[in-house]
1. Taking K and R as +1 and D and E as -1, what net charge do the other residues with C-beta under 10 Å from the C-beta of B:C56 add up to?
2. P(r) for segment A:181-272: what percent of alpha-carbon pairs falls in each 10 Å bin, starting at zero?
3. Quick one: Karplus J couplings for segment A:98-114, per residue in order, coefficients 6.51, -1.76, 1.60, θ = phi - 60°, nearest Hz, x for Gly and Pro?
4. Label point 7 Å out from A:E77 along Cα-to-Cβ: which residues of segment A:237-278 have amide N under 18 Å?
5. Under the definition of partner shielding as Cβ atoms of other protein chains within 10 Å of a residue Cβ, what is the mean value for peptide A:217-224?
6. If I take all pairs of Cα atoms in segment A:66-209, what percentage of them are more than 28 Å from each other?
7. Excluding residues on the same chain fewer than 8 positions from A:K56, give the lysines whose Cα lies under 21 Å from its Cα.
8. With a cut-off of 8 Å between alpha carbons and a minimum separation of six or more residues, what is the relative contact order of chain B in percent?
Amino acid sequence: MAYVTPLHHGAVTTGLGQKCLNLGLLTDLGFNIPAAFGVTFSAFELFIEPLLPEIKQLVHHLDYAKVALAIRKLILEHDTPADVHAALEDALASFPPGTYFAVRSSGMARVAGSFVTEDSSKQSLAGQYESYLRVPQRQVEHALKRCWAALYNERSLRLFKAKEDQTFFGSKMSVVIQLMIEAETSAVIMTRDPVERTDLLAMEVTFGPCEALVSGRVTGDFITVDRQDLHIVRRELGGKKHRVVYAEYSPENEGTYHLQPNPAEHSAGFAADDRLITRIANLALEIEARFGQPQDIELVVSNDELFVVQSRHITASGRKS
Amino acid sequence: MLSTSLSGRIASIGGGAVTGFARIVNSEADLGRIQPGDIMVAPATDISFATTMVLCAGFVTETGGRFAHAAIFAREHGLPCITDVADARKLIPDGAQITLDPELNLISPA
């Protein structure tokens, strides 16, 4: 029974959530994925089992906001099982000292007796569970427990009606722990534009992490590319007035980021030149081809190298009929 | 009353143009002001807005593009959304009746 596992798709087929499996698949397909490993459902279950009776009591007696906080406190105060801790330390030791990690939830809620996965449900529910970025090695275990606790965050308890649905307590959490790349530039791509023309690939590009684009707090450059011959069809300059800067994760700061103003010249020019745009489009279409359906992809650029952060099937079209 | 027409980036077509009362939402604290059929005008949106967003007829945000939360939410729910409307909250009076036309990329007085 593995508590910690590399994410090669071939090595593990059960015990991890969809986010982990996607990364494993992308790695196996030969895409440039920052090194990552997963902490399995088994590790979570070993940890949470002795706490479940108290968790159920809390859910029964307190309102959702209070119970979420109480469960989180309970989880953070409880030690990780020795075997999980050891496996985690082993995995972390293989990274250079000073490495920063992204620690991301990959959960499966149990609702009315069936499992609902975070990543296959509506994309607008992304962010349902938590992610922690810029986590130094010594804080990874803390961030891991925060991700475990995220299974019982207020939003989820409410959404899945934890007070009424006893099967909810069969929910489980796996966690991706991944080398964090410092993004100089990042892009979000839909290999088929869902809004205007589905024969085009659409991307948005900005400086710094792609959270700026996903949160909508920053307007990136918008570019459409012809899917057949990869020529750039349209470029629309974006404000790019800020970039996301992550604080170094600590138990005190909840892993926050702030929006740092960009210099004025960042608004005046495009974040990616044509060569980079073409490289990004090429990579995106390659991923689409391997998955066999249109993809929503996040990637970052560092030292002229492209790293794929995430790829998932596109969930919704832009038009009603 | 909205005195001029505004444009931004088309983020979701939904079912096409909608008319409704603009409701300025500066933060999560303002979500309680939304009435069914309102057009939400916000800096940006996030998952904490979701249970209120389902009541809206459409969305206007000040920053972001078609990959932003508001855009994705709008598309999933078949609602129109225009993003990147600079100073939307200053230019669109709270409670003004407006038309949001995602196909023309236009926010105008109703």
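Just so it is clear, none of the values below were taken in a lab; they were calculated from the coordinates. Only a predicted model underlies this, so the values are computations on that prediction, with no experimental measurement involved. Methodologically, a virtual Cβ is constructed for each residue, glycine included, from the backbone with ideal geometry; neighbour enumeration extends over all protein chains shown.
1. Values: positive: B:R23; negative: B:D38.
Result for the neighbourhood of B:C56: 0.
2. Each 10 Å bin holds this share of Cα pairs: 17, 42, 28, 11, 2, 0.
3. x, 5, 9, 10, 9, 10, 10, 6, 9, x, 9, 7, 9, 10, 6, x, 10
4. Under cut-off, by backbone N: A:251-252.
5. On the way: counts 9, 6, 12, 6, 1, 5, 0, 0.
Averaged over the peptide's residues, the number is 5.
6. Working: 3423 of 10296 pairs.
Every Cα pair in segment A:66-209 considered, those over 28 Å come to 33 percent.
7. A:K66, A:K73, A:K145, A:K161, A:K163, A:K172
8. On the way: 296 pairs, mean separation 44.9, N = 110.
Rounded, it is 41 percent for chain B.
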